[in-house]
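Taking it in order: structure first as structure tokens, then the write-up.
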Amino acid sequence: MKEETKAPITVIGAGSWGTALSIVLADNAYEVRLWSHNEDQVKEINELHTNKKYLPEIMLPELIVGFASLSDALMGVENIVLAVPTKAIREVLGKIRAVQKAPLIITHVSKGIEPNTLLRISEIIKQEMPKEMLKDIVVLSGPSHAEEVSLRHPTTVTVSSENMQTAEYVQDLFINQNFRVYTNSDIIGVEIGGALKNIIALAAGITDGLGYGDNAKAALMTRGLAEIARLGTKMGANPLTFSGLTGIGDLIVTCTSVHSRNWKAGNLLGKGKTLDEVLENMGMVVEGVRTTKAAFQLAQKYNVQMPITSALYNVLFNGKNAKDAVDVLMARGRTHEMEDLVNVLEEKSLED
């Protein structure tokens, strides 16, 4: 017997990740309204049930309907999934604010930090959406390539919110036999881990592009995780979060997979391409570039040592040669492996 279609959910952003999550929701019998500003893309979704630019060869379930009109896509909807790049968050929220009347639960799935303001995405949403239009904010993050999710390969992610009842509610929306969803109350750690792993993935791509081997990548990932934990803990995150799916899990998948656009971008940089050439070649947003600038600024704000982030910042924005940057990292003065994290934890204990 066919399962009854459930209440509509609007997914804002028809890129690879928004489309893949639409497939998950449709598999769970939800009517999915997939919004895109590109009318040709909407026409393709509705007539051909494909989104070839982002997920070639994938047939979309019929429960996914494309919308070019944001007001139509949001009509009568309580839940939206915000799946646009970090740099577009404010603009899109402004459009939602202009047409939406009922309060929303917003689940954001982007992984970034806004440069200059240094705000996490949940903080941007709070800033942009009036209280009366916002029921709750949830973040969904973890080791999850859209290409594999769309093929229904086993995937695990985490949802987090300041309101754990809402996190559990969103957990139930997404969870199925292929897409396992955990909850975590540490929204700061979940957002920081998801955003900063893109920096380390860029750096991992650079080392691969330079022709270095597994030793270099293992060192980079391990010390990169230490950087993420140092900064995140100083910002109020639970250090244990970084040993979970949105920390080490996301770091592994993003630093080692051919699907990772941050790794691909870094790989091209390591092979001698300029940043402009890389971004033009990619054709999709590389979140790690903007996040590197934001993390560099956060490290200065919180007085946290982040040598890998600093080295990558100099490569991306100060024209430093990639090989020279790696050589500088290897020539740093000696230190104890756990020294910096222990110092951060001691400082946090004193603050508490």
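Here are some notes:
- Screening VAL253, VAL258, VAL278 for residues that are among the hydrophobic types (A, V, I, L, M, F, W, C) and either assigned by TED's automatic domain parsing to the domain that holds VAL181 or under 30 Å from SER185 (Cβ atoms) (or both) leaves exactly one candidate, VAL253.
- Cross-chain or 6+ apart pairs with Cβ under 6 Å, region 295-309 first and assigned by TED's automatic domain parsing to the domain that holds ILE228 and in contact (Cβ under 8 Å) with a residue 12 or more places away in the chain, then charged (D, E, K, R) and surrounded by fewer than 22 Cβ atoms within 10 Å (Cβ to Cβ): TYR302/LYS234; VAL304/LYS234; GLN305/ASP340
- Of all residues in region 261-281 being out of contact with any helix residue (DSSP H, G or I) (no Cβ under 8 Å at 6 or more places or on another chain) and in a helix (DSSP H, G or I), the one that is modelled with the lowest pLDDT: GLU280
- Members of region 217-248 that are among the small types (Gly, Ala, Ser), part of a helix (DSSP H, G or I), surrounded by fewer than 22 Cβ atoms within 10 Å (Cβ to Cβ) and in contact (Cβ under 8 Å) with a residue 24 or more places away in the chain: ALA226
- Lone qualifier among THR274, THR292, THR233 - being of a type outside the set (A, V, I, L, M, F, W, C), within 20 Å of SER141 (Cα to Cα) and more than 18 Å from the chain's Cα centre (by Cα): THR233
- Only one of the listed residues (LEU48, LEU82, LEU70) is within 22 Å of the chain's Cα centre (by Cα) and of a type in the set (A, V, I, L, M, F, W, C). That residue is LEU82.
- Test set (1) charged (D, E, K, R); (2) surrounded by fewer than 22 Cβ atoms within 10 Å (Cβ to Cβ); (3) in contact with a strand residue (DSSP E or B) (Cβ under 9 Å, 6 or more places away or on another chain) - GLU191 fails condition number: (2)
- Qualifying positions in region 81-96 - small (Gly, Ala, Ser) and buried (at least 21 other Cβ atoms within 10 Å of the Cβ): ALA83
- Only listed residue being under 19 Å from ILE106 (Cβ atoms) and either in contact with a helix residue (DSSP H, G or I) (Cβ under 6 Å, 6 or more places away or on another chain) or surrounded by fewer than 21 Cβ atoms within 10 Å (Cβ to Cβ) (or both), chosen from ASP186, ASP208: ASP186
- Restricting attention to region 250-260, the residues that are buried (at least 22 other Cβ atoms within 10 Å of the Cβ) and part of a helix (DSSP H, G or I) add up to 4.
- Odd one out for VAL139 among (1) touching a residue at least 12 places away in the same chain (Cβ under 8 Å); (2) in a helix (DSSP H, G or I); (3) of a type in the set (A, V, I, L, M): (2)
- For region 105-123, a residue qualifies if it is surrounded by fewer than 21 Cβ atoms within 10 Å (Cβ to Cβ) and either closer than 11 Å to ILE12 by Cβ or of a type in the set (Val, Ile, Thr) (or both), and exactly one does: THR117.
- MET1 falls short on exactly one of the conditions (1) aliphatic (A, V, I, L, M); (2) part of a loop (DSSP other than H, G, I, E, B); (3) modelled with pLDDT under 95; (4) within 24 Å of THR166 (Cα to Cα), and that condition is (4).
- Within this structure, ASP214 passes the test of being acidic (Asp, Glu) and over 28 Å from TYR302 (Cα atoms).
- Among the residues making up region 150-204, none is part of a helix (DSSP H, G or I), under 15 Å from ASP136 (Cβ atoms), under 15 Å from the mean Cα position of the chain (by Cα) and of a type in the set (S, T, N, Q).
- Which listed residue, of SER16, SER22, SER71, is out of contact with any strand residue (DSSP E or B) (no Cβ under 6 Å at 6 or more places or on another chain) and under 23 Å from HIS153 (Cα atoms): SER16
- Cross-chain or 6+ apart pairs with Cβ under 8 Å, region 103-127 first and within 16 Å of ARG290 (Cβ to Cβ) and assigned by TED's automatic domain parsing to the domain that holds LEU173, then part of a loop (DSSP other than H, G, I, E, B) and of a type in the set (Val, Ile, Thr): SER110/VAL84; ILE124/THR117
- The number of residues in region 38-80 that are part of a helix (DSSP H, G or I) and surrounded by 12 or more Cβ atoms within 10 Å (Cβ to Cβ) comes to 11.
- Sole exception among (1) out of contact with any Lys or Arg (no Cβ under 9 Å at 6 or more places or on another chain); (2) farther than 25 Å from HIS259 by Cβ for SER36, by number: (2)
The values are calculated or read from the model by the stated rules, or taken from the named source; none is laboratory data. Small disclaimer: the values here were computed from a predicted structure and weren't measured. For neighbour counting, all protein chains shown are included, and Cβ atoms are generated from backbone atoms with ideal geometry for every residue, glycine included.
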